[in-house]
1. Anything in segment 552-573 that is part of a loop (DSSP other than H, G, I, E, B) and either closer than 20 Å to E447 by Cβ or in contact with a Ser or Thr (Cβ under 8 Å, 6 or more places away or on another chain) (or both)? List them, or say none.
2. Among residues belonging to segment 77-91 that are surrounded by fewer than 24 Cβ atoms within 10 Å (Cβ to Cβ) and at pLDDT 95 or above, point out the one that is nearest to the chain's Cα centre (by Cα).
3. Scan segment 470-482 and report the pairs whose first residue is surrounded by fewer than 19 Cβ atoms within 10 Å (Cβ to Cβ) and whose second residue is among the polar types (S, T, N, Q), with Cβ atoms within less than 6 Å and a gap of 6+ or a chain change.
4. Which condition breaks for R266 when tested against (1) in contact with a strand residue (DSSP E or B) (Cβ under 7 Å, 6 or more places away or on another chain); (2) closer than 25 Å to Y90 by Cα?
5. Only one residue in S441, S478 is of a type in the set (G, A, S), part of a strand (DSSP E or B), modelled with pLDDT of 95 or more and out of contact with any Ser or Thr (no Cβ under 9 Å at 6 or more places or on another chain). Which one?
6. For segment 211-230: of the residues being crowded, with 17+ Cβ neighbours inside 10 Å and under 15 Å from P419 (Cβ atoms), which is modelled with the highest pLDDT?
7. I'd like the full set of residues that are farther than 24 Å from H177 by Cα and either free of Cβ contacts under 8 Å to residues at least 24 places away in the same chain or aliphatic (A, V, I, L, M) (or both), limited to segment 272-303.
8. Considering F573, F582, which residue is buried (at least 16 other Cβ atoms within 10 Å of the Cβ) and either in the same structural domain as T481 (by TED's automatic domain parsing) or at pLDDT 95 or above (or both)?
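The values are calculated or read from the model by the stated rules, or taken from the named source; none is laboratory data. Computed from a predicted model, the values in this text were never measured in an experiment. As a convention, Cβ positions derive from the backbone with ideal geometry for all residues, glycine included, and neighbour counts pool all protein chains shown.
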Amino acid sequence: MSIGLVLLVGLLAVAYDRSEFLFLDEIEIGMTGIGKTIVEDDTISEFAVEVIGIIDRNGDLGDFIAIRVSGAAIGRAGGVAQGMSGSPVYIDGKLIGALSRAGGWSKDLTPIALVTPIEPMLAVLDDAASAFAEPNEAAVLKDLAFVELDSPPSSELLAVLPDALFSYPVTTPLVAHGMSERAREVLMDGFRRPETDLLLIDDILSVPFGPGAVGLSSLGLSLLPASGEGLGGSIDPETLEPGSSIGAAFAVGDMTIGSLGTLTYRDGDALIGYGHRFVNNGPSSFAMTTVSIIDTMKSFEASYKFGTLADTIGTVLEDRYAAIGGRMDVPFDGIDLTLDVVDLDSPRESAYAVELVDEPRMMSELLLSTGFDAIDRTLDRIGQGTVTVTYVVDGEGMPKPLARRDTFMSAIDIAVYPPLQLAAIVGSLQYNAFADPEITSIAATIEITDKIQGIWINNLQIDRLTYAAGDTIRFRVSLQTFQGEAFIREGEIRIPQELLTERIELRAYGGPRYLESGETPDVFESLSDLIDAIAGFPSYETLTVELFAVDPFSVKSDALVGITEIEFDFPGFVLYGEREAFAIILPPSNAVTEDEETDW
C-alpha cells in the first residue's frame with residue numbers, strides 16, 4: 001500500500017488519504033501519543049499512550065497494538081473503563097485505531113490497553129479498504145505470550161505466567177432506561193415460562209428457527225447496574241467528534257435499551273466507533289444515538305461510564321468484529337410498538353411508545369421486557385388477576401394485518417401472559433417459511449383486573465350412549481363460575497352420515513388444543529394462511545364442544561380426529577378444565593330410537 005494511495009469510500013461517500021492515519025506498517029515500539037475519551041460531564045479528556053508493540057496473529061482481524069495508558073483521565077476512570085471502547089488513539093496527530101480491550105502484564109504496573117488498528121475499522125463502511133498493510137516486523141512482539149480472557153487476570157495467574165500479556169474485553173455496557181428491575185432481568189437472562197395448562201401460539205405452531213427468549217447476556221452483553229436516566233444533557237450531533245460518546249440501541253422511546261461506546265472517526269455524516277463488535281450482527285439497522293456521560297464509576301471488578309442514551313441521530317448500518325459504523329443522514333426505521341395498559345380496578349392507565357430494532361433473534365427479549373415493564377409499572381403490583389389483550393401486527397410484507405384477542409387468568413402473576421403471547425405471535429410471523437413480513441407496527445391493548453374471572457367446565461353429559469351415523473347428539477355442559485354461580489349450556493351436534501367409526505367422543509374444553517394422534521397439521525401455503533390461522537385459534541374466552549371419532553384407517557386403535565364442533569363465547573372469562581363423554585356408533589338396524597333416549 002503506497003503512501004499516496006487514496007481509498008475511495010463506499011458508504012462513507014467521501015475520499016480520504018493515508019495522511020490522516022498511521023497503519024500497522026508504520027507503527028514502531030516506543031511511539032507516544034494521546035487518546036481521547038469522555039470521563040465525566042460530557043467533556044472530552046486526553047490521556048497519554050506509549051506503544052509497547054504489535055500483536056500479530058493469523059488473519060488481519062486478530063491484530064492489535066499494545067499500549068500503555070496513563071494520565072489524569074485514566075486515573076479518574078480507575079483504569080480502562082467500560083464505555084471507553086472506541087476511544088481514538090493518535091500518534092503525531094494521526095489516528096492509529098481505537099482502544100478496544102484492557103490488558104494485564106506482570107512486567108508493567110502501568111495500565112495496559114489494546115488498540116484495534118484503524119484499517120479493519122475503516123473497512124466496516126468502506127469496501128475498498130480491504131487490503132491491509134503488513135505489520136512493521138520490527139514492532140511485532142514475537143516472544144510474548146498473548147492470552148485472551150473474559151475478565152481481568154488474577155494475581156495468581158499473573159504470577160504463574162509472568163511473561164504473558166493478558167487481554168480482556170472492555171465490555172460494551174448496556175443501559176436500560178425506564179425499565180423495572182424485573183424487566184431488566186428478563187431482558188438479560190430471558191424468562192422461564194411457568195408450568196400451566198394454558199396454551200400459547202408457539203405451543204400450537206411449530207416455528208423451526210425461533211430463538212426463544214434466552215436473554216441478551218447470551219450475546220456477550222452486560223447490563224450496567226444503574227443508568228443516568230433523567231440526569232444527562234442533550235448533545236448536539238453536529239458537535240460529535242472522535243472521543244465523543246455514541247450509542248447503538250435496540251429500542252428507543254418511553255423505554256430505551258442500548259449500549260454506550262466511543263466515536264473513533266467521523267467523516268461528515270459517517271461515523272465509526274467501538275473498536276469491536278456490538279453483537280456482531282453484520283448488516284444492521286440499530287438506532288444510533290448520542291450519549292450523555294455524567295461520570296465514570298470506579299469498580300473493583302470493572303469501572304464503567306455512568307450515562308444515558310440521548311437523542312436518536314441516525315442508523316448503525318454495520319456491526320462487525322472490528323467496529324460498528326453508521327450514518328447520521330440515514331434515519332432509524334424501526335418497528336413501532338405501542339402498549340396501552342389499563343388497570344380496571346383503579347384509575348391507573350399507561351400508554352407506552354417504543355421503536356424497536358427489526359432483528360428477529362432478539363425480538364423475544366425486547367417484547368417480553370417491555371411488556372413486563374409496562375404492566376408492572378401500571379399495576380404497581382405482582383399477583384393474581386384476569387387480563388384481556390387485543391393485538392394488531394402489521395407490516396409492509398404482510399398481505400393483511402394480524403388481529404387477535406386473548407383472555408388469560410393467573411392466581412400468581414397475571415403480567416406473564418400478554419408479553420409471552422405477543423412474543424409468540426411476532427416470532428411465528430418473523431420466522432415463517434413464506435415471506436419476510438417486514439413488520440412495521442405492533443400494538444397491544446391490555447386490560448387487567450385483580451379478579452379471577454374463570455369458568456370451570458364441571459361436567460359434560462350426552463342424551464344417549466349409542467347412536468347411528470346421521471343422528472344428532474344432544475349435550476349439556478355444567479359450568480361453574482369461580483367462586484360464583486353454576487349454570488348450564490346446552491346444544492346439539494350432528495354425527496355425519498358418512499362417518500365410519502365404532503366409537504365417538506364428545507369433548508368440552510376452553511381455548512385452543514393440541515393435535516390428536518390421528519390428525520395431521522394444517523398445511524399453510526402462504527403467509528396469508530398463517531395469519532388466518534393465528535387469528536383464528538380459539539381464545540380461552542371460548543368454550544368448544546367438539547365431536548371426535550376414532551380414525552378407522554390409522555394403525556393406532558385410539559387415533560382420534562376432530563369431526564365437527566360448536567362454540568360458546570364468554571367475553572372476559574377464561575374457560576378451564578376439560579370433560580369428555582363417550583358413545584358407541586351402532587349399525588342403523590340396531591340404533592336406539594328417540595323413545596329409548598336416556599334421561600339427563
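1. Of everything in segment 552-573, those that are part of a loop (DSSP other than H, G, I, E, B) and either closer than 20 Å to E447 by Cβ or in contact with a Ser or Thr (Cβ under 8 Å, 6 or more places away or on another chain) (or both) turn out to be P552, S554, K556, D558, A559, F570, P571, G572, F573.
2. My answer is Y90.
3. As it stands, the answer is G470/Q497; R476/Q461; S478/N458; S478/N459; Q480/N458, since those pairs meet every condition given.
4. Only one criterion in (1) in contact with a strand residue (DSSP E or B) (Cβ under 7 Å, 6 or more places away or on another chain); (2) closer than 25 Å to Y90 by Cα is unmet by R266, namely (1).
5. Among S441, S478, only S478 is of a type in the set (G, A, S), part of a strand (DSSP E or B), modelled with pLDDT of 95 or more and out of contact with any Ser or Thr (no Cβ under 9 Å at 6 or more places or on another chain).
6. G215
7. I272, F300, listed by residue number.
8. F573
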